[in-house]
1. Can you confirm whether residue 67 is over 15 Å from the mean Cα position of the chain (by Cα) and outside any loop (DSSP other than H, G, I, E, B)?
2. Please count how many residues of region 4-27 are assigned to a helix (DSSP H, G or I) and within 54 Å of the chain's Cα centre (by Cα).
3. Out of (1) assigned to a strand (DSSP E or B); (2) at pLDDT below 80, what's the single condition that is false for residue 138?
4. Would region 70-81 turn up any residue that is over 30 Å from residue 177 (Cβ atoms), touching a Lys or Arg at 6+ places or on another chain (Cβ under 6 Å) and modelled with pLDDT of 85 or more?
5. Anything in region 35-60 that is touching a helix residue (DSSP H, G or I) at 6+ places or on another chain (Cβ under 9 Å) and assigned to a helix (DSSP H, G or I)? List them, or say none.
6. Residue 43: more than 25 Å from residue 152 (Cβ to Cβ) and touching a Ser or Thr at 6+ places or on another chain (Cβ under 7 Å), yes or no?
7. Mind checking which residues of region 80-107 are more than 29 Å from residue 146 (Cα to Cα), within 15 Å of the chain's Cα centre (by Cα) and outside any helix (DSSP H, G or I)?
8. Looking at region 98-117, I want the residues that are more than 15 Å from residue 78 (Cα to Cα) and have a partner that is small (Gly, Ala, Ser) and not in a loop (DSSP other than H, G, I, E, B) with Cβ atoms under 8 Å, at least 6 apart or on another chain. Which pairs are those?
Amino acid sequence: MAVRSADDYREQLRQLLPQGPAWDLERVPELAQVLRGLSVELSRADARIVALYAEMDPAYVTELVPDWELVMGLPDSCLGDSPGFGDRQLSVRQRLTAIGAQTPAYFISIAKGQGYPNASITQYRAPRFGRSRFGKTHFGTWRIQFMWTLNTGGRQSVGRRFGVSYWGERFGVNPGSALECLIRRYAPAHTVVHINYN
């Protein structure tokens, strides 16, 4: 949606004036001042309508982040006591579009969303006849079938590093307590999760 300028509204109001000498701008110069004032206000209202239209989409929300958080049960306790504004916007977007699953791909997507692009999952198998071999180093017990490891694949892609950032930017945090909180929240209840930060 395009925002109309005050000049556009002034011209439109001028064309909508009724016919007659009482509405002639040359005879009544005060009328031009009234039209100018109305056009500025109409342009401002038009700009706010366009901004409100953008606020309806959580991908572009800025002013209504607290309202979106109230509706979605945010801020998330996993993000800490005082998350940054960008983190709050991202959590609104993620909460609205999250589908959820109990597959390795879902937990990898959570890790990628937290800034670990090379995340992977290692699943363990219980020893079973025909699958296990003698002499295998990680043979395990029956309980190992309920364990899995999230490998983060190295450092977070978010955050700053010494010599590359400017004053006031937060340095990258690794390990991430937010990642651990989210993974443990959504992990199946009968499993034990280990997080390997490499």
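1. So residue 67 does not fit the description; no.
2. Residues meeting the conditions: 11.
3. Among (1) assigned to a strand (DSSP E or B); (2) at pLDDT below 80, residue 138 violates only (1).
4. No, region 70-81 contains no residue that is over 30 Å from residue 177 (Cβ atoms), touching a Lys or Arg at 6+ places or on another chain (Cβ under 6 Å) and modelled with pLDDT of 85 or more.
5. 35, 36, 38, 39, 40, 41, 42, 43, 44, 46, 55
6. Criteria met by residue 43.
7. Across region 80-107, the qualifying residues are 83, 84.
8. Hits for this filter: 108/120.
The values are calculated or read from the model by the stated rules, or taken from the named source; none is laboratory data. Bear in mind the structure is a predicted one, so any value in this text is a computation, not a measurement. Because the Cβ atoms are built from the backbone with ideal geometry, glycine has one as well, and the counts that use them run over all protein chains shown.
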